[in-house]
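Peer 1: Can you keep this structure in mind? I'll have questions shortly.
Bear in mind these aren't lab numbers, they're just calculated from the coordinates by the rules spelled out. As the structure is a prediction and not an experimental result, all values here were calculated from the model. All Cβ positions, even for glycine, are placed from backbone atoms using ideal geometry, and neighbour counts span all protein chains on display.
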Amino acid sequence: MRFAIEKKELMQSVQHLVSVAPTKNASPILTNYLIDANAEQGMVKITTSDLDITVVVEFAAAVSEGGTIAVSARHFNEIINLMPEAIINFWRHDELLKIESNKIDYNLLIADHTLFPLVPEVKLDKAFTLDAQLLSRMISKTSFAVSTDVNRAVLTGVCWKIMPNEHLMAATDGRKVAEIRIKNSSLLPKQPESDANETNFLDKTSNEDYLEKIIPVKTLVFLQKIMDNSAKEIKVLIESSKVIFSYDKYLVFSQVLEHKYPEYQKAFVTDLQNQFVIDRANLHNAIRRVALVAPMDNLRIRFELDSEKFEVNTSNRDTGDAKENLDEYNFSGSQTGVSFNYRYMLGILEAIDSDKVVIKLGSSKDPLMIYNMSNKENEEITFLLMPLRS
Amino acid sequence: MFRRIKGQNQVVDLLQRAIEQQRIAQAYLFHGSDGVGKFMTALYFGMALNCYSSSEYRPCGVCSSCHKFLQFEHPDFIYLFPTVNLKLSPEGEIKDSDALKQYESYINNKIESPWQDFFFSGSTEIRKESISLLIKRLEYSIHEAQHRVVIIENADMMNTQTANAFLKTLEEPPQNTVIILTTEKLPQVLPTILSRCQPVYFKPLSQSVIQDILFDGFKIDTVVAKSAARISGGNLKTAIRVAHDTENSTRDKAFELMALAAKSKSLEHLNHVLNHKDNTDALLDMLAYLGVIANDLVNIHYAPDEVTNFDRTDFLKGISHASIPDRVPDYLLLLDDFSRKVDGNVNPSLIRINLFIATKNLLTP
C-alpha cells in the first residue's frame, strides 16, 4: 500500500472519525482504522466502527499501490493533526505503516486487518433521498429527548417511522416526548422503480403499512456533525437489521435497536382545557432564574396561573424559595397549577422555533403539551412533558 | 475442529446434532468440574454456528469468522467472565486503566494458554454493569454473524440481583442469539437461571485422555504424564500444572516424606515443616501424590504392572509390608479429609504434622 495526499484534505476527511473509534474497549481491533487504498480508482477508504455505528469515508488520493491495513485511530489522527501543511506520504513496510512528510518520519505498528468487522457491500440504488437539512432538523427536534438509561435501551434511540406520505421522528424517556411529523409525499421517491422498492421494503415488515426503525441517538448526532452543507441530499437505505446513510463522501452504517417502540402517543392528551401563549425567550429566562434555587433532587418548579396572574415558583427546603410573575401572556381556561422538572422544560423550549410558545395544560396531574405558535408548512411538532406529583 | 475436544464425545455429539437439525436452544448451561473443556466447547460451538466453511467438519478454524472468534474479536461474540470492578461506562469503555490491563491479559491468557488460570488482583464477580451492557448490546441488531454468541463463564459468580436482571433476556433472547453459561458449581446457580437453560454435563476427563493430551500436546514423557493424569482427578488444568512442575519437586517431596515416615525420623520432619512454608496448592498436590504412592504400595503386591511410579519400584518394595493393603483404604480417606481441611483454611503446618503421623502409622509394620 502506498499513497500520498495533502494534509488539509486528509484532515477534512478524518477529523470526525476519531470520535467514533472507541479507545478503551474490550475489543482492541476497534481502536484501529481500517485503511484501504485502491490504486485503480485512486481512492482511499478509511473505516472506523464501534459496532453500533460504522463509518466509511472515501476520498481521492494519489494511490500508487493498493492494499489494506489497520492502524491505531487515535495515533493516526493526532499525527495528521500536527503535521505541517504539505503532502504526506503513507506506505506499508512489513508490519509498519510509514508516514512521512518533509523531514518527519513515523513508523506505526499495524494490526491484523482481517479481524476488523465486515463492512457489507451496499447497493444504493434502492435507497431513497432526503433533504439533508430536513433530516438535520428532524434530528435536532427529537434527539434531546432520548433516555440515557441503559436498562431501557430502546429509549436511547430515536424512533423513525416512514408512512406512505409522512415521515415521523419521535423520542421519549418516559417523562418527556418530542415528535416531529413531516407531511410531504414529495419526500418519498417519485420514480416508479424506487416506488416499487418502497413498497418492497414495506412488505418486509409484514402487513403493516409503515416502516419503523429505532436508530441509536449516537448515529443521529454523528450525522448532524457531518452534514455541513457540502451536499444537499442524503441517501438512506433501510435494511432489516441496519440503516445506511450516504452523505457526500461518508457512508454511515447504523445498527438498529430491535425492539418495539413504546406507544408514546397514548400519553398525548388532546382535550386539555387550559392554554396559554407566551414569549418563548421570556419564559425561558424566567425559568432559568427561578430554577437557581430549585431542589437538586427533583428539579421541581411550578406554574401557577389564571387569567390575571402567571407565577413561576419553586421552593427548596434547604435553600429557600423563589418566584417570578410574568405578564404579557394570553390565557384561556380556568385557574390551574402544575409542577415539573425545569431541565426538561428548558430542553423543550430550546427546541421551539417560533417566538411565541403555546402550552396546553390541564390539572396538576395532566401532562403539558407544548407547541410552536405556528408550524412550518407540512410540518407538525409536538412536545409533551409529564408533571411531577405535588 | 470439534474433534480437538477430547473426552467429551457425548457433548460434542449432542451439539453437532443440534446444529445439523437446526434445533439450537436459546441458552445452554455447561456444567462440570474445572479443566474439562467447557469453555473450549462453548467457543467451538459458537464458531461452528457461524463458520463459513461448507464442509461438515465445522468449525474449520481458518475462515474469517473462525479467525475472529479465535482472536475474541468477532463483533457478534460477547464474552463475559468474573472481573474486578472495571468501572464500565454505559458505552462499554473500561475506565479503570489498571483493570483494563488486567482485562486484556485475561483475554490474552485465554487465547494463548487457556489451561492456565489468570488471577485478577482483587475480588471478582460477574458485575451488574457487565450484564446491563450485555442486555443493551443484545437489543442492537446482529452485525455479521448468523448466530450471535454469548459466553458467560462461571455463571455462578453472579449475585442474586444481577442474575435476576438477566433472567428475562436469558428466557427470551433476541432472534438468532445463543447464550452459553458455564459453571463448575451447579448448586450455586440460581434455580431460576437453571430452569431457563438446557443443561449439558461435562464429565471429568479419563486418565487416558489426559495422558494423551499431555503426551501429544505438551511433549511430556510417559511417567510424568501417567502420574499427573492419575492425581489430576480428571482436571486437565491440574494435570498440566503438575506435569510442568519443575523437576517434579512435589513428587520428590512426597517420596521424601514417605522415606522419613518409614524410618520414623519425626524430628527431621518437624524441622522440615518449620523451615519450609509451602503454599496450600503445593500441599494439595502433595496429598494427591501421597494417594498415588499409597495406591502403588498396594499394587506392588498384587499388580506390579499398574504401578504409576515405576521408576521408584525398589523404594516402594522396600517400605511396603504385609498389613499395608488393609490400612491403605483408611489412609486414603484420611488424605481426602486433609484436602478438605486445607480448603477449609486449617493451618497447613498442623496438617503436615498430622499427615506425617498418619503416614508413619501406615508404614510401621
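Peer 1: Can you tell me which lysines have their Cα less than 20 Å from the Cα of B:Lys101? Leave out same-chain residues fewer than eight positions away.
Peer 2: The qualifying lysines are A:Lys24, B:Lys87, B:Lys110.
Peer 1: Per-residue Cβ counts within 10 Å, from other chains only, averaged over A:233-245: what number is that?
Peer 2: 1
Peer 1: To make sure I understand, if each residue's beta carbon is the centre and we count other beta carbons within 10 Å, what order do A:Glu85, B:Glu73, B:Glu171 fall in, fewest to most?
Peer 2: A:Glu85, B:Glu171, B:Glu73
Peer 1: To the nearest 20 Debye, how big is the dipole of chain A about its Cα centre, given +1 on the beta carbon of each Lys and Arg and -1 on that of each Asp and Glu?
Peer 2: For this selection, approximately 720 debye.
Peer 1: Considering only Cα-Cα distances, which of the following residue pairs are longer than 25 Å: A:Lys183/A:Lys266; A:Lys266/A:Lys356; A:Lys45/A:Lys235; A:Lys213/A:Lys356?
Peer 2: Pairs exceeding the cut-off: A:Lys266/A:Lys356; A:Lys213/A:Lys356.
Peer 1: Find the relative contact order for segment B:178-256 and round it to a whole percent, using C-alpha pairs within less than 8 Å whose residues are 6+ positions apart.
Peer 2: Relative CO of segment B:178-256 lands at 22 percent.
Peer 1: Turning to a different aspect of this structure: Along the charge dipole of the protein assembly as shown, which of A:Val20, A:Phe331, B:Phe30 sits closest to the positive end, that is, farthest toward it, with unit charges on the beta carbon of Lys, Arg, Asp and Glu (+1, +1, -1, -1)?
Peer 2: So the residue furthest toward the plus end is B:Phe30.
Peer 1: Can I ask one more? Starting from the 7 Å offset along Cα-to-Cβ, what nm value, one decimal, do you get for the label separation of A:Leu96 and A:Ser64?
Peer 2: 1.8
Peer 1: Mind checking the full-extension length gain between A:Glu377 and A:Phe144? Use 0.36 nm per residue of separation minus the Cα-Cα distance, one decimal, nm.
Peer 2: Answer, rounded to one decimal: 81.6 nm.
Peer 1: I would also like to ask the following. Mind ranking A:226-237, B:58-69 by how tightly packed they are, going by the mean number of other C-beta atoms within 10 angstrom, highest first?
Peer 2: Sorting A:226-237, B:58-69 by mean packing, highest first, produces B:58-69, A:226-237.
Peer 1: Further, regarding this structure: When you have a sec, figure out the Kirkwood radius of chain A from all distinct Cα pair distances and drop it here in Å to one decimal?
Peer 2: Averaging 1/r across every pair of different Cα atoms and inverting gives 23.8 Å.
Peer 1: Only residues of segment B:194-233 count here: report those whose backbone N is under 17 Å from the spot 7 Å along Cα→Cβ of B:Arg3, or say none.
Peer 2: B:213, B:216-217
Peer 1: Continuing with the same structure: In nm, to one decimal, how far is the modelled label at A:Ile104 from the one at B:Ile353, with both set 7 Å along Cα→Cβ?
Peer 2: About 7.2 nm separates the two model spin labels.
Peer 1: While we're on this one: Take peptide A:113-119, look around each residue's Cβ out to 10 angstrom, count Cβ atoms belonging to other protein chains, and average those counts.
Peer 2: Taking all residues of A:113-119 together, the mean is 5.
Peer 1: I need the calculated FRET efficiency for the pair B:Lys203 and A:Arg74, taking r as the beta carbon distance and R₀ as 60 Å, to the nearest 0.05.
Peer 2: 0.80
Peer 1: A follow-up question, please. Which whole-number value in Å³ per residue fits the convex hull of the alpha carbons of segment A:205-301?
Peer 2: Output value, Cα hull per residue: 231 Å³.
Peer 1: Now for a different question. In nm, what is the difference between 0.36 nm times the number of residues separating A:His259 and A:Lys183 and their Cα-Cα distance?
Peer 2: Fully extending the segment from A:His259 to A:Lys183 adds 24.8 nm.
Peer 1: Suppose every K and R has +1 on its Cβ and every D and E has -1 on its Cβ; what is the size of the dipole of the protein assembly as shown about the Cα centre, in Debye to the nearest 20?
Peer 2: 1100
Peer 1: Shifting gears a bit: For a quick size check, give me the Cα extents of segment B:245-363 along its three principal axes, largest first, whole Å.
Peer 2: In descending order, the Cα extents are 37, 29, 26 Å.
Peer 1: Can I ask one more? With only alpha-carbon pairs counted, each pair once and no self-pairs, how large is the Kirkwood hydrodynamic radius of segment B:218-309 in angstroms?
Peer 2: When all Cα pairs of segment B:218-309 are included, the Kirkwood radius is 14.1 Å.
Peer 1: So what is the calculated 222 nm ellipticity per residue for chain A, using -39500 (n - 2.57) for each DSSP H run with n of 4 or more, over all residues, to the nearest 500 deg cm²/dmol?
Peer 2: Helices in chain A give a 222 nm mean residue ellipticity of -5500 deg cm²/dmol.
Peer 1: B:Lys168: which lysines have alpha carbons under 18 Å from its alpha carbon, excluding same-chain residues fewer than 8 sequence positions away?
Peer 2: By straight Cα distance, B:Lys168 reaches A:Lys260, B:Lys128, B:Lys136.
Peer 1: To continue, here is another question. Just checking the output field for B:131-137: average partner chain Cβ neighbours within 10 Å of each residue's Cβ?
Peer 2: Across B:131-137, the average partner-chain Cβ count within 10 Å equals 3.
Peer 1: Cα atoms only, segment A:2-115: Rg and Dmax in Å?
Peer 2: 13.0, 39
Peer 1: Report the gain in length on full extension from B:Val346 to B:Ser323: 0.36 nm times residue separation, minus Cα-Cα distance, nm rounded to one decimal.
Peer 2: Roughly 5.2 nm would be gained on extension.
Peer 1: Right, next: Tell me, what is the FRET efficiency for B:Glu20 and B:Asp305 to the nearest 0.05, using R0 = 41 angstrom and their Cβ-Cβ distance as r?
Peer 2: It comes to 0.45.
Peer 1: Could you order peptides A:367-380, B:262-275 by the average number of other Cβ atoms within 10 Å of their residues, highest first?
Peer 2: A:367-380, B:262-275
Peer 1: Can you give the Rg to Rh ratio for segment B:6-118, taking only C-alpha atoms and Rh from Kirkwood?
Peer 2: 0.99
Peer 1: OK, next. Modelling each spin label as a point 7 Å along the Cα-to-Cβ direction, I'd like the A:Asp131/A:Lys232 distance in nm, to one decimal.
Peer 2: 1.0
Peer 1: To two decimal places, what compactness ratio does segment B:1-70 give when its Cα radius of gyration is scaled by 2.2 N^0.38 Å?
Peer 2: 1.06
Peer 1: Another question, if that's okay. B:Asn271 to B:Lys128: FRET efficiency via 1/(1 + (r/R0)^6), r the Cβ-Cβ distance, R0 56 Å, to the nearest 0.05?
Peer 2: The formula returns an efficiency of 0.60 here.
Peer 1: Rounded, prolate or oblate, given the Cα gyration tensor of segment A:220-364, with a/c below 1.5 counting as rounded?
Peer 2: prolate
Peer 1: Throw me the Rg/Rh for the protein assembly as shown, computed over C-alpha atoms with Kirkwood Rh, two decimals.
Peer 2: Taking Rg over the Kirkwood Rh, I get 1.09.
Peer 1: For segment B:132-207, just run the numbers: alpha carbon Rg, then divide by 2.2 N^0.38 Å, N being how many residues it has.
Peer 2: Against the compact-globule rule of thumb, the ratio is 1.19.
Peer 1: Let me know the whole percent of all Cα-Cα pairs from segment A:113-181 that are separated by more than 19 Å.
Peer 2: 50
Peer 1: Would you work out the charge dipole size for segment A:268-385 about its Cα centre, treating the Cβ of every Lys and Arg as +1 and the Cβ of every Asp and Glu as -1, and quote it to the nearest 20 debye?
Peer 2: Dipole magnitude for segment A:268-385 comes out near 360 debye.
Peer 1: Also: Among A:Thr172, A:Thr47, A:Thr148, which one shows the highest mean-square fluctuation when chain A is modelled as a Gaussian network with alpha-carbon springs under 10 Å?
Peer 2: Of A:Thr172, A:Thr47, A:Thr148, the Gaussian network model singles out A:Thr148 as fluctuating most.
Peer 1: Where the convex hull is taken over the Cα atoms of chain B, what is its projected area averaged over directions, in nm²?
Peer 2: 20.4
Peer 1: Sort out for me the Cα centre separation of segment A:135-162 from segment B:32-103, rounded to whole Å.
Peer 2: Taking the Cα centre of each part, segment A:135-162 and segment B:32-103 sit 31 Å apart.
Peer 1: Most mobile of B:Ser33, B:Ser121, B:Ser105 per a Gaussian network model of chain B (Cα springs, under 10 Å)?
Peer 2: B:Ser121
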